[in-house]
1. In the neighborhood of D44, defined by Cβ-to-Cβ distances under 11 Å, what is the net charge if each Lys or Arg adds +1 and each Asp or Glu adds -1?
2. How would S8, S56 rank on accessible area, largest to smallest, probe 1.4 Å?
3. Just the accessible area for Y40, please: 1.4 Å probe, Å², rounded to the nearest 10?
4. Keeping every protein chain in place, order K84, K54 by accessible area at 1.4 Å, biggest value first, i.e. largest first.
Amino acid sequence: ELTHNHGSETKEGQVYHTGNSYDGVEGGFGHIGITVPDVYAACDRFKDLAVEFKKSPNAGGMKGLAFIKDPDGYWIEVIKQGEKGELRQVDCCGIDLDNGGVYAGGGSASK
């Protein structure tokens, strides 16, 4: 767990949230990020490992970066280390660079 909510030790059930959902549970944060040499190559690997995507590299308006979920549902931003890299026409989730739409927060096109 990336956060600790003091006093939660005596509560039953889920006493934390990922910071990305609003389920009436206090605490949490937004997300963490990791840098990789090639976002598209990293996402190919994540896809092969059946990692859930919130946003694939070509989905939405922010091209060339991705959001994946860890097993607890925390969002992890995957961004290119260093200078902006080349964009791939079709990403690991089959989203075309020109038809990825505008990111609306749902990520449904990239699951």
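The values are calculated or read from the model by the stated rules, or taken from the named source; none is laboratory data. These numbers come from a predicted model, not from an experiment. Cβ sites come from the backbone with ideal geometry, for glycine too, and all protein chains shown count toward neighbours. Areas reflect the complete protein model, heavy atoms only, side chains present, ligands, DNA and RNA absent. Shrake-Rupley method; radii C 1.70, N 1.55, O 1.52, S 1.80 Å.
1. Numbers: positive: R45, K47, R88; negative: D38, D48, D91.
Combined, the nearby Lys, Arg, Asp and Glu give 0.
2. S8, S56
3. Accessible area of Y40: about 10 Å².
4. K84, K54
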